[in-house]
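Beneath this line is the structure, given in structure tokens, with notes to follow.
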């Protein structure tokens, strides 16, 4: 079956890059979910001495008592669960020989179901395989004994790879690059910093992960937010051309595109959504139900296939145009430089594939790289502090898209202008200015279109000037609401608030509870509650069409008929709307 074939193939790939894991025919990955229960159970078995010895040995090595998570890691290693992640290019926890060979039905209750952890298992082992490819098949330090800066012994006397952490691996790897003349002395610290951040990233704690997932469902869990993703088509129009993008939209809807996002191994909207656990699954289910995943797929596949068409056209450029001094010749030469930076000696084969309209693995890699230029789908596309700050990662919640947009402007606009001034190449300056105008116009139109559809869905009248201003400001992580609040609370305080994680669903619950205590009879009416809009899938639509916002709209309409336009409740309505739409900085709202 597919399950067994996948695991067998994974084992073969791991073996090919030098892992010496022992093959077990009916192996299934496991993860502890009830540590206390498992400890109590093992204390009554013959295996407890082995577990206790391992725990004591680790405590002596560290000179302190192990915490609960560390004990769980050791127990997991006995059943091929997750290791401590301190050995990223040695065996993973899954590859270690299982000390407890058989998990009986009574013990099974302490472990997660294999189906629940299989995706994370595949991701972790694939990461280890690719890391081994990156740092070298035989591991770092096979030629000579290296003691890492952080005191980890990398090799023994026989040269056999033993253990290291990411910092040691990076140190030895950078040393090798320097020896081979691939980097200069001045580059050492920067290369170490980049690689250490990438390969020694710090994940967020589970309790904050749960808060983050609840926020995702609250802020993004409605069809209203799914429409926001239509703004992604702006990036496709910029990268691949408007005509190609319009052509790809119906093809993606009816699943007729040449390349689907799954063909490139993409199964998430962005890297910040790649969490595991029950609440993460709930987020996935909500996104699928509301259509968010489907519309996101349209945006991604439009970009993938429109740029494929653009690259195929460039590859077929005639020799005469290739050497011309015109715009086509210049774009062709820039394209060749891009290919050489990615594929080096394989560039000719990639060009051949593009000319022949053939899709091979290198072309998929090229398109994946292009998609990464515009969407934060990999760890390489997020800020360094996102990788290294552990729980500080919560500050980046729902902001990675906007940060990526700023990176697009940096790369497409400001870098070209800077290089043009440095080299005296006026064409680069012109390109930068053109890209600035093109990006601004396309993204503003795309965002305004999405906002107009949302206004229609919520029964609101669209103010196009305000909507366009909002879309322009959001390119810099700002909005009109930030400046409106700034008049009341001070601009600095308002700016700080806009960069903090969204707590809208908590704030709404707090306000609702306060009103219930003050006026129980009236406040217990569901239509009076702010919290209703935070319920995934239908909450926001109910709030605007039937609930609290509908009452405000009705009052506003009555007041308008009696006055010259002074709107009752406008300030509270605006505050409610803007806080839910902009404080969280929704995915897709660039």
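The values are calculated or read from the model by the stated rules, or taken from the named source; none is laboratory data. In this text, all values refer to a predicted model and were calculated from it rather than measured experimentally. No Cβ is skipped: glycine too gets one built from the backbone with ideal geometry, and neighbour counts run over all protein chains shown.
Quick look at the values:
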| item | result |
| --- | --- |
| Residues (outside any helix (DSSP H, G or I) and either at pLDDT 85 or above or surrounded by fewer than 16 Cβ atoms within 10 Å (Cβ to Cβ) (or both)) located in region 269-290 | 269, 270 |
| Total residues in region 71-113, condition closer than 21 Å to residue 3 by Cβ and modelled with pLDDT of 75 or more | 4 |
| Qualifying residue in region 323-331 (condition: in contact (Cβ under 8 Å) with a residue 40 or more places away in the chain, touching a helix residue (DSSP H, G or I) at 6+ places or on another chain (Cβ under 8 Å) and either part of a helix (DSSP H, G or I) or over 23 Å from residue 116 (Cα atoms) (or both)) | yes |
| Flag if residue 443 is in a helix (DSSP H, G or I), modelled with pLDDT of 80 or more, more than 28 Å from residue 386 (Cα to Cα) and touching a helix residue (DSSP H, G or I) at 6+ places or on another chain (Cβ under 9 Å) | no |
| Of all residues in region 35-58 being modelled with pLDDT under 80 and under 38 Å from the mean Cα position of the chain (by Cα), the one that is farthest from residue 112 (Cα to Cα) | 51 |
| Given (1) assigned to a helix (DSSP H, G or I); (2) within 30 Å of residue 339 (Cα to Cα), number of the condition residue 266 does not satisfy | (1) |
| Some residue of region 383-391 being closer than 29 Å to residue 501 by Cα, surrounded by fewer than 20 Cβ atoms within 10 Å (Cβ to Cβ) and without any contact (Cβ under 8 Å) to a residue 12 or more places away in the chain | yes |
| Qualifying residue in region 358-380 (condition: at positive phi and surrounded by fewer than 14 Cβ atoms within 10 Å (Cβ to Cβ)) | no |
| Out of 471, 435, sole residue that is over 25 Å from residue 550 (Cβ atoms), over 25 Å from the mean Cα position of the chain (by Cα) and buried (at least 16 other Cβ atoms within 10 Å of the Cβ) | 435 |
| Sole residue being surrounded by fewer than 23 Cβ atoms within 10 Å (Cβ to Cβ) and in contact with a helix residue (DSSP H, G or I) (Cβ under 7 Å, 6 or more places away or on another chain), chosen from 194, 242, 253 | 253 |
| Given (1) farther than 26 Å from residue 360 by Cβ; (2) surrounded by 15 or more Cβ atoms within 10 Å (Cβ to Cβ), index of the condition residue 309 fails | (1) |
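Table: residues versus (1) over 30 Å from residue 327 (Cβ atoms); (2) in a helix (DSSP H, G or I); (3) free of Cβ contacts under 8 Å to residues at least 60 places away in the same chain.
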residue: 414; (1), (2), (3): no, yes, yes
residue: 432; (1), (2), (3): no, yes, yes
residue: 453; (1), (2), (3): yes, yes, no
residue: 460; (1), (2), (3): yes, no, no
